[in-house]
Amino acid sequence: MLALTHKRAKVNGVALHYVTAGKGPVVLCMHGWPQNHREFLPIIEALHGSYSFIAPDLRGYADSDKPFDGYEPKTIAKDMLDLLAAERVEKFHILSHDLGGPPSVALAYLASDRALSLATIETPFFGLSFPGYVDPRVAYWHLGMHMNMDITRFLIEGREEQYLRHFFRDFAYNPSAIPEEDVRAYATQMRQPGNLRASLNHYGYIPQMGAQTAELTKTKLSVPMLAWAGRVSFGDHCYDCAKAIATNAKGGVIEECGHWVFEEKTDFICEELRRFWQSPV
């Protein structure tokens, strides 16, 4: 049975809740919306015998602080650097999903001498410019809506579970991929005081996200990068973006898969991560 250790640390002016598990090289996990550290449990369960995982609830989510500002990628990257310092970690792999991706890219740039690798799974990339690039806001209606945080809160407060069930069902290839226990846990999280408002800041800061990503990616990322996405979700977007920003990019598109890769294609992504983390730089 997987043994998780729950911890708290004051980092960069906020208190973060996080879990640790496993033994071996460190993997820092950065989740997306509307999830938390829980989304990495299938990966931790499969790989904790070979890797040490640090999986925080990012600022604005679950059992971490919910400030009114500080949702830029560089600020969240600083959160992570302070968390790694609290855990006395020097070298580390980065694993991210969804809106945890842009700050994970910032972290890889800011700590390029310490980051062993960067794996971005089903990540929307904002602020890039290369032939064929399409801003994710064009294809996904909820990005623009969630950026208008006051209207979004007005519409879904009191209906959090119904709203989240739409995403877990309709953004998946397999509508039942997210276990019922997880759906209820994420809905409970979103009903916590301040959680909906704070988590929506990760969308409200998309303009800053795009600007910082554009600035950082003026130079190629030297950290080895892996990017996978589901065929019925981001498709080619993630790997194409990785090839545009990194000198060493691997990945592709996962068939019969949607947005929730860790739950929908656990065996596949675990094997790809294992191979990537073990490959020579």
If you take every DSSP beta bridge whose two residues both sit in the chain, what share of them, in percent to the nearest 5, is antiparallel? 35 percent
Computed over the range 46-133, the Cα gyration tensor eigenvalues, each multiplied by 5 and square-rooted, give semi-axes in Å (largest first) of 21, 18, 14
What are the extents of the Cα atoms of the range 101-154 along their three principal axes, in Å, largest first? 43, 30, 16
Taking 0.36 nm per residue of sequence separation and subtracting the Cα-Cα distance, how much length would be gained by fully extending the chain between Arg88 and Thr219, in nm to one decimal? 44.3 nm
Calculate I(q)/I(0) for the range 147-281 by the Debye formula, one identical point scatterer on each C-alpha and no solvent, and give its log10 at q = 0.13 Å⁻¹ to two decimals. -0.75
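Return the Rg/Rh value of the chain, two decimal places, where both radii are evaluated on C-alpha atoms and Rh is the Kirkwood radius.
Across the chain, the Cα-based Rg/Rh ratio is 0.92.
As an exercise, use a Förster radius of 30 Å and the Cβ-Cβ distance of Phe154 and His6 to find the FRET efficiency, rounded to the nearest 0.05. Kindly include the intermediate steps, with their values, before the conclusion.
Numbers: r = 34 Å, r/R0 = 1.12.
Using R0 = 30 Å, I get an efficiency of 0.35.
Quantify how much of the Cα-Cα distance distribution of the range 73-220 extends past 19 Å, in percent.
When every Cα pair of the range 73-220 is considered, 60 percent fall beyond 19 Å.
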Projected convex hull area of the range 204-281, Cα atoms, direction-averaged, in nm², equals 5.9 nm²
In whole Hz, with x marking every Gly and Pro, tabulate ³J(HN,Hα) for the range 215-231 from phi via Karplus 6.51 cos²θ - 1.76 cosθ + 1.60, θ = phi - 60°. 5, 4, 7, 4, 10, 5, 6, 8, 6, x, 10, 10, 9, 10, 8, x, 4
In Å, the C-alpha Rg and Dmax of the range 134-185 are 12.7, 35
Here, Leu116 and Glu255, labelled 7 Å along Cα→Cβ, have an inter-label distance in nm of 3.2 nm
Treat each spin label as a single point 7 Å out from the Cα along the C-beta direction, and report the Asn248 to Tyr140 distance in nm. 2.8 nm
Between Glu181 and Phe68, what is the spin-label point distance in nm, taking each point 7 Å from the Cα along the Cα→C-beta axis? 3.9 nm
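Each reported figure results from applying straightforward, stated rules to the coordinates on display, with no laboratory input. What you are looking at is a predicted structure, and each value in this text was computed from that prediction instead of being measured. Note that we place each Cβ from the backbone using ideal geometry, even for glycine, and neighbour counts take in every protein chain shown.
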